[in-house]
């Protein structure tokens, strides 16, 4: 197994285990690792993927190249869309400006002991237990806002390059209706949208209270990147949604006008997902 460690010029450090990924870029685009002071840095510029053996760098910028210094006298240019794989070694990565100013990302990859195969890797059923804290934030998995968080992050959980558009509150509300089977009448969808907006505000405030963000406004991209980057919402949560749909239906029906009297749609909900 691998452990990939990234150290930024300003002292930030991120650690990835095999199977995890991270996007770095300049502020304003919701990247996992924000690097400032470089006009050649795109909002989403590089994707780092930790593998079972080694790691991979992808230049996801549409315009600017990246440069990989193997620390052995070889400076490798990586054009937009280009990929470069490494074994367990140390390299530096950066734009032309970062290389020129000697302020690159330092990336190291080392072996770590394999996990005990007897350890359970699947998440337990929803029981009200909170998620593991990331950056001082704890989300209760049985709270209504948690479904909103998972549906918001869904496109980026499915696409590590984060090229898919994040859903709006209207689209999340429609997806809640489709997932839970709550009848998708126009009035119900409007009410679902209002609750989704409230949930998004709650999630943003949790991040602000924990100082994950220090300035407002917090965009949906920033929120989704933080939820994923701190491990609060994971692909495992997304995969578990279908089997938990009935439980979510009762929770969301209780929020709507009429409480438990809200009926399920005959075909699993009339709302349309994004």
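Sorting the segments 152-163, 170-181 by their residues' average number of neighbouring beta-carbon atoms within 10 angstrom, most packed first, yields 170-181, 152-163.
Under the classification rounded if a/c is under 1.5, otherwise prolate if a/b is larger than b/c and oblate if not, where does the range 53-95 fall, given a ≥ b ≥ c as square roots of the Cα gyration tensor eigenvalues? Here the range 53-95 falls in the oblate category.
Computed over every Cα-Cα pair of the range 2-111 and binned at 10 Å starting from 0, the pair-distance distribution P(r) comes out as 16, 54, 29, 1 percent.
Since every read-out is calculated from the coordinates, none of them should be taken as a lab result. This structure is a prediction, so every number in the text was calculated from the model and none was measured. Methodologically, a virtual Cβ is constructed for each residue, glycine included, from the backbone with ideal geometry; neighbour enumeration extends over all protein chains shown.
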